[in-house]
1. With a ≥ b ≥ c taken as the square roots of the eigenvalues of the C-alpha gyration tensor of the chain, please select rounded if a/c is under 1.5 and otherwise prolate if a/b is larger than b/c or oblate if it is not?
2. If each residue's Cβ is checked for other Cβ atoms within 10 Å, how do ASP44, ASP75 rank with the fewest at the top?
3. Just to confirm the number: angle between the C-alpha axis of helix 52-77 and the first principal axis of the chain, 0 to 90 degrees, nearest 10?
4. Helix-derived [θ] at 222 nm for the chain: sum -39500 (n - 2.57) over DSSP H runs of at least 4, divide by residue count, nearest 500?
Amino acid sequence: MKKQKLNVGSETTSAFQKAAPYLNIVYSLFGGIILFGYAGYKLDEYFNKRPMLLIIGVFTGFILGFYRMIKVIKDLDR
């Protein structure tokens, strides 16, 4: 009985290539929220304006992440 060699490497690579745009959407959205939220938090500490700049940072990150998500989705439709 011959052993069949599984081609797992190329199947995994193909799956990641198909999922990459969708992972990019998730990373952009959450990365923007976390990055701008953290920047707002630090600016709140510096200027002592809690929580105004944190909220502005989170909303800015959400808006930019959402913009990036729409841009990636439009690129997928091409």
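Every number here is computed from the coordinates shown, using simple stated rules; none is lab data. Note that the structure is predicted; figures quoted are calculated from it, not measured. In this analysis, Cβ positions are derived from the backbone assuming ideal geometry, glycine residues included, and neighbour counts consider all displayed protein chains.
1. oblate
2. With the sparsest Cβ surroundings first, the list reads ASP75, ASP44.
3. With both axes taken from Cα atoms, the answer is about 30 degrees.
4. Computed mean residue ellipticity for the chain: -31000 deg cm²/dmol.
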